[in-house]
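Asker: Okay, handing you the structure first.
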Amino acid sequence: MKKINRRTTLKGLAGISLALPYLEVMGDEKAETQAAPKRFCAIYTANGMSLPKEQNKIADWHWFPHQTGSKFEFNNSTRPLEKFRDELTFFSGFHHTSGPKSDPHTCSDMWLTGAPLHNPKPGTYNTVSLDQMIARHTKQHCRQPSLVMSIDAGVGFTSRTGTISYNLQGKPIPAENNPLHIFNRLFMGNADTAKKQKALLDRKMKLVDAVLENSKEFNRELGKTDKQTLSQYLTSLNELENRIKSNERWTGIPLKKQDYTKLDFEYDLEVDPLQYYKTMLDLIALTFDADLTRSVAFMLNREDGMGISDTFPLKLGLARSHHQLSHAGDPIGQKDFAKYDLFLSECVGHFLESLTSYKDNNGSLLDNTMVLFGSGASTTHNSRNLPTLLAGGKNMGVKHGTHYHKDGERLSNLYLSIMKSMDININQFGESTKPIQAGIFDVT
Amino acid sequence: MKIFCTIFLISLGLLIPQSVLGNDVDFKATIRPLLTKYCQDCHGPDEANSKIRVDILNDQFQGKQLFDWDKISHVIESNDVDLRMPPEDELQPTQQERELLTTWITNQIKTAKTRDSVNNGYSRRLTKVQYRNTLRDLLLLSDDFTAVLPNDGVTKEGYNSMEVMQVSPLHLEYYFEIAAKALDQVIVDPKQPPQIHNFRMNLGKDINPENFNDKLILGAGSRLIPVKNFTIEELTPEKDFPFTSHRFQKKFSYIEGYIGNGTIRKQKEFIGVYHNVFACLRGQGGYTGGLQAETVIADGLLLRPSIPNTEIFMMGSTYGPSPNFKISLRELPVHGKFRVKVTASKYADAYDLDSKHSPVDPSLNQSTVIQIEDDSSETVQIPMDGIYQVDLTYQSTAKNDTIVLALAGRPQNYRVSKTEETTTKAFKLIQLKKGKLNFDLQSSNATTVEKIILSKLDSADPLVATFEQFNQRSPQLGVYLGFRRDCGSALSPVQIAQTVSSTKPQAYYFEDAISNYPISVMDKANNNYLAGVSEIGVRNEYLDGRAAPRLLVHSVEFEGPFFELWPPKPHKSIFIDSPHVDSPEIYATEVIRHFMERAYRRPITEHELNRIYSVWQKSYQASTNFYSSIKDALTVVLCTPQFLMITDASTTPASEQLTEYELASKLAYFLWNSSPDDELLSLAKAGELRESLNKQIDRMLADPKSSSFFNTFVSQWLNLEKITTVEINRKKYPRLTKEVKNHLRQEPIVFFEYLVDHNLELSNIIDSDFILANDVVASYYGLDSQDSGLKFIKSEVPANRGGLLAQAGILAGLSNGDESNPVKRGNWIARKIISEPPGEPPPNVPDLKEVEGDFTLRQRLEMHRNKKGCVKCHTKIDPWGIPLEQFDAAGIFQEKADCVSELPDGQEIQDFKMLQNYLISDKMDQIAIGFMQHLSTYALGRSLTFKELDDLNAECRDLKQAGYRVKDIIKSIANSQKFQTK
């Protein structure tokens, strides 16, 4: 935690004088964007949710509502979400069929991919994640294909991964965890005037081209040498070049005029995890509002007592760490675990609130964004009946306000339905068999 | 998967029956059908248990398949029911079929081992640490811009091996950004004189004659030293080059005031430097034992060791340690290096006696008794040098009062409480010299001192020894930089603390790049008096709570940006001297070539040079700015794979020797985590590195740059990250604070470094007759005789310590912060020390706590262990951890724990000591091979092949003779085929 900047540094940047009305700057893409943009955000929590045992007599702390259908009632740990009742759907009974066969600690790796981690295709580990599949289709409309965030930066280590995002080759995508760095990268790089920005990009492009040219030749000169890392490097460099090209397309189109003052970078992770989560989630809302990207994945915490997030319940005054709580079978432990669920519901509630507060085409940001919140385990190391919640996306034809239960249903089928709602025309994802056939999704 | 199998290699030789069959068995006709029949149901495309699939195995015996084959052979012939395959309740092969399979596999493995695998060299990316160090050494750059990079992948063994090191577009994006930032920092315009900010704060009681009446505010919890007790001097440093001086702003306009987060009152003008610079003591003040945390005296500020805050969220704890002195100020430079010079001394302090001590009877001891008429300064004659006890006879009507008594100009506070009648009490021990003694007494109206009694103590008096021990301790001076926050500060230490052992004022210097610190970038629009305040913290570092003479801070000086030369050295090391400085094309070629050869760590080809030169040329043609065009060219260099990767270039699939330059790089990244220096490169150029390898290793390990090797390797090998992340139950273990954890985390690193430096036997990691400790660590182990401050030195071994296994940090890291955990500890020993790693836990493992009934942890473990599916692994884990139950979750030795254990090989172990003895007497060869495997994996930056693992057996035999000496092991690895070939 060496470099910390003050929130105050950001004030005054809010209004960039060149800002033009949203539609006008879109130029020839006008027609397309007039139809509301389609966005996706996945929020993951590790170690499952509290599903108290009957004998503990704290049924009202169960994460899942006890009733199914439209007459369901919120229990204590999801109460902060109650005001969004008509904007969300609980899904129960869902799972990945590969889940129970794999090392339970890898359930976060599988959450968005549905890959058979116990028996991968030789030479691979995972498959593409939902957010990246979506990004592949939405990146043409925005400056960044996707945004990958996590409580711990990087990819963590094999089998205890610190990211939920996997590229088309099934390789983990390093996540970013510092909201200030993300903010600077996404927003401040674009704060210059258009001309200056163009000059900067031109220079960057020239340098990247020079590196690319040098590297291709170096690759040839290396002859027979094993080039696994080098080919990864070249692929990444090409991708960077594409990003600059697509950035170039956006030069001259200033960022949307936004108020950055709400972003609070003065959180102290050691004391106040809530503020950290709020800042990260506020940043996602800002990113959507500026239409910088349309696909975001955020891993709130890690499996198996990894990383700083394991200590958050302790910092919040609960008796055990996150992973320990998830193992609890006693009434006190299960209730404390549920209280942590309550904390997470507050975070998600804050996010939904924030999305509602931004106006977007045909409604609010929430109406154009599907927010998937859930875990890869129901309780510890149990990979069935995964806690799953979908919110928002009204304009994509999602009919909310129910608790949908179907025992043994595949999570990949839900993912397929999400993509279909976003007009992403694929017929199979992960281990999907067919889209969900309930009245929730207005898809054919 | 790989590591799981390596355990069998160690005993491979013993397991292989002599060959009876030739290699004429046909795989497809004979072997494949057996595997399909007996194994494929569980180890095929549908289930792939243990990640083994017999349907994709072939008879090539290459790469990863070798490990699978080895494992299969082992489980087929095992007699252990828990290991033996197929499982009891499945279809069993005949004995003949079993033998056919194992013999065939064994023979194939034997053949495979004699066959060299394909050797095609490789490129591996620099790790984040290597990249940071390389930039530092190449550019002479103190700034660390690399924190934004994603963390590197880590293998299950704990290393940044190339298999898990990725290059992503995000990496590339940041490489460009970091390169540009770094070069912007290093390359200056030599014609533009720099602006330097240099000032000093002098501290002392009533030293400021200026009449300053404004009321100063610095937010909640800010106690400010009154302006009369310090001065601010703006200085002009002496330099051999032209520069301008930055002067403090002295006129401000703010909205004054502060309530909660709101600002109050209207815009107001503030005049004077004392609205810019403050001497601040944030926090509530107060100290243990009713002492004062800090005191201003005539020639400076006295500071006691800063007691860390409680780490539990409370009003008081957010303001940092106590005392918490810092210079709060509105202006600090944003770029470049800075230097803080603290003038400080060790106070000739008095030792505070607690209330148990009784006053000396002046009639029995020839005491010097001073009768006080009124509060005034006098002198008295001291008969001889010595340690004196100071007793006071007084009367007080105040509940609590403080008298200040200065003897020989050294003021001390005396705390008194209400008395019914005249009382005499013992207060302090102090050292006095023979001759005339000045004394000065200040007290309030509530307290009347009648007598000061100074009694020389007999040299045999135990109090004399107490004083002498006290007096030989020295304060530790620490400097911090950061900024003020509404709750607390964001302060980071500048370098490491320095010992202040002289009672005469001396200068202590602290330097670094300012961008490495949390610096408040002032937003011009923010109109709050409290906005944008930076801080320079000065502390007496807390060690272990034992009394020690206080730190006396006389003055604190700041200079930044700090330049010794202009243009600065980093700039000059790029823009080398040349007769061609005035011919841009020729000079550019020289500059680029010089830089590239250092960046690429080898001679460059003309192609390589031309490609970069043309970047310069295009940029220069467009801008005609020589410096910015060189910047462009060098940015490209810093983003090429030649710089970002360590490449062993190969021309044939056969094994080739590394070139001398490749060897130089490999060695430098092994032992320094950085690029080779001039000496290594010139040896490589002369073709003499290989022959002087061992001499170079000695030199490199003695170089301070090797600290990056010790730090990184030991942290990864022993998984020291756990010590940092474990959340300690502070109610149960109050002594194990965040700071103590940091020191305990250092212990294994300095211990290993010591073993290497002195080339000691590897068995020291199991048990040693010494430890490495600083005062904090020593005191945690109950040793109170050590006085080395924060420096780790070789110390006597405390009871039940010695080796790595008994180090408190490691033991605490392998607990959950509340209870010790034999499974975690056992698993750690199995993986890290004896290299018998257990398998992965199967899905759906029930929790230990779910076992109903009143059982001890040991019984619960046993029940868990005996479950089907658990037993296989746990019999290889728990028995190693159980003897360590003699240490609690905080790593403290406890007598009573139930720690009898039966090791996987049947050996019965009574306690921890016996485990140590057994490991040294019976397992040392295995431990040595395991250690070599860990260190080789680190050195190569990749996992070892089957053959390389097998070769370790032979390499170890040579090292055994001398007792597996640690530096010999390092040399053996650097000289081995796996290191020297590609």
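FYI, it's all coordinate maths here, none of it is from the lab. Predicted, not measured: the structure shown is a model, and the values here were computed from it. Please note: Cβ atoms are built from the backbone with ideal geometry, for glycine as well, and neighbour counts cover all protein chains shown.
Asker: Shape verdict for the stretch A:177-324, please, from the Cα gyration tensor: rounded (a/c under 1.5), prolate (a/b greater than b/c) or oblate.
Answerer: It comes out oblate by the Cα gyration axes.
Asker: Between the alpha-carbon centers of the stretch B:383-428 and the stretch B:629-680, tell me the distance in whole angstrom.
Answerer: What the calculation gives is 69 Å, centre to centre.
Asker: Quick one: what are the phi-derived ³J(HN,Hα) couplings along the stretch B:153-159, Karplus 6.51/-1.76/1.60 with θ = phi - 60°, whole Hz, x for glycine and proline?
Answerer: Karplus-based 3J(HN,Hα) across the stretch B:153-159 equals x, 10, 6, 4, 6, x, 10 Hz.
Asker: Compute the angle between helix A:194-221 and the longest alpha-carbon principal axis of chain A, please, reported from 0 to 90 degrees and rounded to the nearest 10.
Answerer: Between the helix axis and the principal axis of chain A, the angle is about 90 degrees.
Asker: Need one word for chain B: rounded, prolate or oblate. Basis is the Cα gyration tensor (sqrt eigenvalues a ≥ b ≥ c); a/c below 1.5 gives rounded, then a/b vs b/c decides.
Answerer: Taking the square roots of the gyration eigenvalues as a ≥ b ≥ c, chain B is oblate.
Asker: Moving on. How much mean residue ellipticity at 222 nm does the protein assembly as shown get from its helices, if each DSSP H run of length 4 or more adds -39500 (n - 2.57) and you divide by all residues, to the nearest 500 deg cm²/dmol?
Answerer: Value at 222 nm, helices only, nearest 500: -10000 deg cm²/dmol.
Asker: In peptide A:104-114, what is the residue-averaged number of other protein chain Cβ atoms found within 10 Å of each Cβ?
Answerer: 1
Asker: Another question about this same structure. With springs connecting C-alpha atoms under 10 Å apart, model chain A as a Gaussian network and identify which of A:L352, A:L342, A:L207 has the largest mean-square fluctuation.
Answerer: So, out of A:L352, A:L342, A:L207, the one fluctuating most is A:L207.
Asker: Something else about it: Work out the FRET efficiency for A:K399 and A:K434 from their Cβ-Cβ distance, taking R0 = 22 Å, and round it to the nearest 0.05.
Answerer: After rounding to 0.05, the efficiency reads 0.75.
Asker: Which whole number gives the average count of other chain Cβ atoms within 10 Å of the Cβ atoms across peptide A:320-331?
Answerer: 3
Asker: Specify the inter-centroid distance of the stretch A:395-432 and the stretch A:66-97, based on alpha-carbon positions, in whole Å.
Answerer: Comparing the Cα centres of the stretch A:395-432 and the stretch A:66-97, I get a distance of 16 Å.
Asker: Please compute, for peptide B:616-624, the average count of beta-carbon atoms on other protein chains lying within 10 Å of each residue's beta-carbon.
Answerer: Mean partner-chain Cβ count within 10 Å for B:616-624: 1.
Asker: In the stretch A:263-326, if the dipole is taken from +1 on Lys/Arg beta carbons and -1 on Asp/Glu beta carbons about the Cα centre, which of A:M280, A:G307, A:L263 is farthest to the positive end?
Answerer: Selected residue: A:G307.
Asker: Relative to the Cα centre, what is the charge dipole magnitude of chain B, using +1 at the beta carbon of each Lys and Arg, -1 at the beta carbon of each Asp and Glu, and rounding to the nearest 20 debye?
Answerer: With only Lys, Arg, Asp and Glu charged at Cβ, the dipole is about 1920 debye.
Asker: Turning to a different aspect of this structure: What is the extension gain from B:D354 to B:K228, computed as 0.36 nm multiplied by their sequence separation minus the C-alpha to C-alpha distance, in nm to one decimal?
Answerer: 42.0 nm
Asker: While we're looking at this one, here's another question. Taking the number of other C-beta atoms within 10 Å as the exposure measure, put B:W880, B:W616, B:W717, A:W250 in order starting with the fewest.
Answerer: Listed from fewest to most nearby Cβ atoms, that is A:W250, B:W717, B:W616, B:W880.
Asker: Just want the answer: with Cβ charges of +1 for Lys and Arg and -1 for Asp and Glu, which residue in B:Q977, B:I909, B:I929 is farthest toward the dipole's positive end in the stretch B:906-978?
Answerer: Positive-end residue among those listed: B:Q977.
Asker: Right, here's the next one. Which of the three applies to the stretch B:621-758, rounded, prolate or oblate, going by the alpha-carbon gyration tensor with a ≥ b ≥ c and a/c under 1.5 meaning rounded?
Answerer: oblate
Asker: Continuing with the same structure: In debye to the nearest 20, how big a dipole does the protein assembly as shown give about its Cα centre with +1 on each Lys and Arg Cβ and -1 on each Asp and Glu Cβ?
Answerer: For this selection, approximately 2820 debye.
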